[in-house]
Amino acid sequence: MNGAGRAFLRLLSVQGSWNYERMQGIGMGFAAEPLLDDLRTTEPGRYPEAVVRSAEFFNANPYLAGLALGASARAEYDAVPGEQIVRLRAALAGPLGALGDSLFWAGILPALSGLALAALALGAGWWVVALFVLAFNAVRLATASWALSTGLASGMRVGGALGASKLPRAATRSGAAAAFAVGVGTPMAAAWLLHPFGARGVASAVLIAGAGLGLARWSGARFTATRFGLLALGITLLLRLVTA
């Protein structure tokens, strides 16, 4: 099977054709095409069916979508019945979505954000922002590469490979790291940002906190405290830079 490199590059834009009908399905089909290309000669009768299956409805965390993509492509070459491949994709969508969101959106991203805020409050230069972007993308690219290669190697056994991997434990530990980093970084950054404003700054912070509480009660789980805290700090930081 050739085309793994091209498939990986295409996975980076898997949400480029996102729509409500198939979610990431079209992007998955586009990424799968290089992997399925050899079927044109080895299994010409199966090739069009495989292409259609690869573009059907799919929705998961984009950084782990390669697991489903690689496993489905391997299953096509292993002559697994099409109905089983469709069920495999459907069965993987939920776990990959939950695990990926927990690992990245509730773990790695807020953890790195909290560390970056703490570093800025301690006087680090703006190179911290570049380091934050590089670190996050390095982790996501490494994870996406691992996901695709593991899916290609595992095929229909991808569930066992995922369960035996370090990702479930990493998701749990990154969540704890995020709580610690944001818990330390947020008050440090707040003190650094409010210091030039004196009492008025403290009063403004109280008003912002009240607004956040109101938004949280109104929107429920869609607007978490972590998201609001990072948003408020970002806006305050921007205002300080503009008025400096």
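What follows is calculated from the coordinates using simple rules that are stated; it is not laboratory data. Please read all numbers here as calculations on a predicted model, not as lab measurements. Because the Cβ atoms are built from the backbone with ideal geometry, glycine has one as well, and the counts that use them run over all protein chains shown.
Hey, with R₀ at 22 Å, roughly what FRET efficiency would residue 145 and residue 40 work out to, going by the Cβ-Cβ distance, to 0.05?
Calculated value: 0.30.
For residue 231 and residue 91 in one chain, what is 0.36 nm times their gap in residues minus the Cα-Cα distance, to one decimal in nm?
46.9 nm
Output needed for the range 69-209: three equivalent-ellipsoid semi-axes, defined as square roots of 5 times the C-alpha gyration tensor eigenvalues, in descending order, whole Å.
Taking √(5λ) for each Cα gyration eigenvalue gives 43, 15, 11 Å.
Could you work out how far apart the two model spin labels at residue 17 and residue 126 are, taking each label as a point 7 Å from the Cα in the direction of the beta carbon, and quote it in nm?
The modelled label-to-label distance comes out at 3.9 nm.
Answer with one residue from 62, 125, 20: the one whose Cα lies farthest towards the positive end of the charge dipole of the chain, charges on Cβ with Lys, Arg +1 and Asp, Glu -1.
125
Report the relative contact order of the chain, percent, no decimals, based on alpha-carbon pairs under 8 angstrom and at least 6 residues apart.
Relative contact order comes out at 20 percent.
Would you kindly derive the ³J(HN,Hα) couplings of the range 74-82 from the backbone phi angles with the Karplus curve 6.51 cos²θ - 1.76 cosθ + 1.60 (θ = phi - 60°), listing them in order in whole Hz, with x for Gly and Pro?
For the range 74-82, the Karplus curve yields 4, 5, 4, 6, 7, 6, 5, x, x Hz.
Is there a quick way to get the dipole size of the chain? I mean about its Cα centre, with the Cβ of Lys and Arg at +1 and of Asp and Glu at -1; what is the value in debye to the nearest 20?
It works out to roughly 720 debye.
Please report the orientation-averaged projected area of the chain, defined via the convex hull of its C-alpha atoms, in nm².
Over every viewing direction, the Cα hull of the chain projects on average to 14.9 nm².
Before rounding to the nearest 500, sum -39500 (n - 2.57) across all DSSP H runs of length at least 4 in the chain and divide by the residue total; then give [θ] at 222 nm in deg cm²/dmol.
Result for the chain, helices only: -24500 deg cm²/dmol.
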